[in-house]
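The values are calculated or read from the model by the stated rules, or taken from the named source; none is laboratory data. Nothing here was measured: the structure is a model prediction, and the numbers come from that model. All Cβ positions, glycine included, derive from the backbone under ideal geometry; neighbour counts span all protein chains shown. Note: accessible area is taken over every heavy atom of the protein model, side chains too, but ligands, DNA and RNA are not part of it. Shrake-Rupley method; radii C 1.70, N 1.55, O 1.52, S 1.80 Å.
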Amino acid sequence: MADHKIKNMAEFSQLSGISRPTVSKYFNDPASVRKSTREQIEQALSKYDYRPNLFAVNLNKKRPRIIGVIVPDTSDTFFSELVRCIEARCMANGYLVIVLSSRGDPELEGRSIEMLLSLKIAGAIVAPLGADSDRGLIESLRARIPIVFLDSRLDDRTPFVGTDNFQSMPLITEYLCRTGTPPTYFDMPAINNNAAERKLAYLQTMTRLGFQPEVVSVTDARDWRFEDVGFTEAQRVLDGPGFATTTVLCANDRIATGVMAACYQRGLRIGREPGCDLRIAGHDDQPLSRYGCPPLTTVAQNFDQLGSHCIDLLMEGIESEEDGPATAPVRQIRLGATLMMRASA
């Protein structure tokens with residue numbers, strides 16, 4: 001190993017005696033150079049202990065292989081699982097991923113968008129906050145690079161991948177009506193189109209089935225701390241007249257977690273077994289939902305398909321950029337969910 005610390009690829013090229021274009025070609029794809037050249041480069045790498053700054057290499061390319069991802073909260077297991085799937089697909093396609101979190105804060109989301117605008121990247125996947133998003137900034141990003149909306153959409157002009165709420169909510173509402181008392185709907189903060197769509201899908205399904213809809217509204221209109229919202233609002237209900245029915249369908253699993261905690265503290269037994277006080281169900285099938293006590297009945301969004309379709313749409317956008325302005329219709333993909341019957345309902 002040489003004592004000299006190599007600072008960049010040009011210096012490595014000079015010391016190793018291998019041309020700069022050949023070295024660059026190797027780092028893009030080792031199989032693209034002859035075997036003898038590859039062995040020579042790898043011996044030099046070992047000798048000089050050199051590792052290139054692949055991030056800088058990508059930024060210097062005419063077509064960088066870097067993807068930006070913005071999600072509302074990387075600590076939310078729903079989004080962390082989506083990011084895991086996206087990263088896996090990007091790595092398989094030779095792309096680096098920059099992940100930024102807005103933490104449910106529109107100002108931080110704006111800063112994240114500005115960060116991506118300042119970088120030379122190929123495209124971006126954005127799970128927007130929704131109602132509080134800076135649409136002007138997002139439009140600036142869309143004008144600069146291909147983007148795909150994930151989970152929540154802001155317009156009909158941008159590719160989108162999400163779950164079909166008008167399939168998933170009827171699926172679980174019908175199940176709950178079929179197996180016990182009709183569900184009371186426990187709403188979520190009106191943060192994005194998912195909140196409105198899920199509530200509307202519940203109302204339409206209950207009306208179609210001939211049941212009276214019952215809704216628990218929440219007062220924190222823009223709060224992303226769903227567990228806190230569910231817990232606080234459930235306490236308010238329990239301090240008052242209680243739930244209108246003995247079944248509660250929550251707008252998402254995180255709301256359900258808070259509701260279950262509030263009910264547990266009041267000594268209520270949750271489940272579908274005889275002697276239970278309430279059945280509680282959710283939506284999303286977050287990775288931890290199956291490990292609750294009791295495990296949460298919910299509808300599962302397919303993380304792998306959501307992530308894969310996002311990458312497919314983004315790659316289509318990136319590849320079509322070289323062909324001039326897009327002429328194909330904007331694709332917006334809505335995936336069906338799967339019912340997960342567990343002990344809570």
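Think of each Lys and Arg Cβ as +1 and each Asp and Glu Cβ as -1; about the Cα centre, that makes the dipole of the stretch 108-195 roughly 280 debye. For the stretch 102-107, putting each phi into the Karplus relation 6.51 cos²θ - 1.76 cosθ + 1.60 with θ = phi - 60° gives couplings of 8, 6, x, 10, x, 5 Hz, in residue order, rounded to whole numbers and with x for Gly and Pro.
Suppose we flag trypsin sites (Lys or Arg not before Pro) only when DSSP calls them loop and at most 15 other Cβ atoms lie within 10 Å. Which is the longest uninterrupted stretch of the chain?
Result, exposed sites excluded: 158-221.
Here the chain exposes an accessible surface that is 50 percent carbon and sulfur, computed with a 1.4 Å probe and the other protein chains kept in place. Take the Cα of residue 331, step 7 Å toward its Cβ, do the same at residue 34, and the gap between the two points is 4.1 nm. Computed extension gain for residue 120 through residue 204, at 0.36 nm per residue and net of the alpha carbon distance, reaches 25.7 nm. Entry note: the stretch 59-119 has Rg to Rh equal to 1.01, where both radii use alpha-carbon atoms and Rh is the Kirkwood radius. A full extension of the chain between residue 261 and residue 293 corresponds to an added length of 10.5 nm, given 0.36 nm per residue minus the alpha carbon distance. Based on the reciprocal of the average 1/r between different C-alpha atoms, the Kirkwood radius for the chain equals 22.6 Å. Note that the chain presents 48 Å² accessible area per residue, ligands and nucleic acids not counted, probe 1.4 Å.
Of all DSSP beta bridges in the chain, what percent run antiparallel (nearest 5)? Could you put the intermediate results ahead of the total?
Working: 3 of 33 bridges.
Once the DSSP bridges in the chain are tallied, antiparallel ones form about 10 percent.
Can you give me the distance in nm between label points at residue 47 and residue 135, each placed 7 Å from the Cα along the Cα-to-Cβ direction? The modelled label-to-label distance comes out at 6.1 nm.
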